[in-house]
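First the structure, in the form of structure tokens, and then the observations on it.
The values are calculated or read from the model by the stated rules, or taken from the named source; none is laboratory data. The shown structure was predicted, so the numbers you read here are calculated from the model rather than taken from an experiment. Heads up, the Cβs are rebuilt from the backbone with ideal geometry, glycines too, and the neighbour counts pull from every protein chain shown. Just the protein is used for accessible areas: all its heavy atoms, side chains included, with ligands, DNA and RNA removed. Shrake-Rupley method; radii C 1.70, N 1.55, O 1.52, S 1.80 Å.
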Amino acid sequence: MTTHTTSSDRPFKQKRRIWLLWALAAAFIVFHLVATPGFLLENLALTLFAQIGTLLVAFGVIGRIWSIIYVGGLKNSELVTEGPYSVTRNPLYLFSLFAISGVCLVFGSLVATATFTLLAYLVFRYAAKREALYLSHLFGERYAEYARRTPFFWPDLSMFRWGQVHAISRDALLVTTRDALFIFAMIPFSELVEYLRESGFLPMAITVL
């Protein structure tokens with residue numbers, strides 16, 4: 001007898017999400033090299049964007065680490081509903097979106113921020129929906145009840161409860177740290193590009209708002 005599986009009874013292949021995000025990162029780097037924000041460097045708006053963007057990056061990275069600490073090594077083996085998972089079912093994706101928006105703001109372009117944030121959101125939303133199908137298959141009514149009271153993506157802070165921190169997964173923490181270092185590296189990279197462009201080593205590029 002042949003057993004057929006569906007997308008709901010097997011884990012979502014995270015490699016697809018990872019490759020899509022790396023493709024977005026590569027696209028952003030290329031965009032950064034060929035485009036320049038439509039603000040003067042001494043403009044107050046550009047300075048403000050950089051400061052807000054840096055804060056968003058830090059907030060996103062800290063949030064991702066917090067989420068990893070709570071989920072520990074329990075992903076797909078136990079339903080975690082406390083800490084950041086009490087206000088949204090997808091805190092890792094939510095905090096990642098904050099960090100991505102922050103990097104784009106550091107660049108200083110509202111168009112780049114809106115475009116790449118939206119694209120990243122669509123990738124995260126697709127991955128989260130696929131994961132939700134698997135978790136629903138895995139945990140049944142427990143997940144259904146969790147889903148009824150907890151927002152899918154955007155948080156409801158009134159639902160927050162601390163709960164219990166589980167054993168930390170070293171591998172998951174290492175991956176999160178690696179991703180955080182890459183995200184933070186985009187900030188000095190942005191400054192380097194601007195310096196090279198001002199010094200004449202990079203040609204002036206198209207201007208975007």
Mind checking which pairs have a first residue in the range 176-202 that is touching a residue at least 40 places away in the same chain (Cβ under 8 Å) and a second that is of a type in the set (Lys, Arg) and in a helix (DSSP H, G or I), Cβ under 6 Å, 6 or more apart or different chains? Thr176/Arg64
Between a residue in the range 111-131 that is among the aliphatic types (A, V, I, L, M) and outside any helix (DSSP H, G or I) and any residue that is surrounded by fewer than 20 Cβ atoms within 10 Å (Cβ to Cβ) and at pLDDT 95 or above, which pairs come within a Cβ distance under 6 Å, given they are 6 or more apart or on different chains? none
Pairs, please: C-beta under 6 Å, at least 6 apart or cross-chain, first residue more than 17 Å from Leu192 (Cα to Cα) and in the range 15-39, second among the β-branched types (Val, Ile, Thr) and open to solvent by 50 Å² or more (accessible area, probe 1.4 Å)? Gly38/Thr207
When the range 22-77 is examined, which residues are found to be over 30 Å from Phe139 (Cα atoms), open to solvent by less than 60 Å² (accessible area, probe 1.4 Å) and aromatic (Phe, Trp, Tyr)? Phe28, Phe31, Phe39, Phe49
Provide a single number: the residues in the range 151-180 that are under 28 Å from Val103 (Cβ atoms) and part of a loop (DSSP other than H, G, I, E, B). 9
Return the total of residues in the range 168-209 being open to solvent by 80 Å² or more (accessible area, probe 1.4 Å) and within 15 Å of Ile68 (Cβ to Cβ). 6
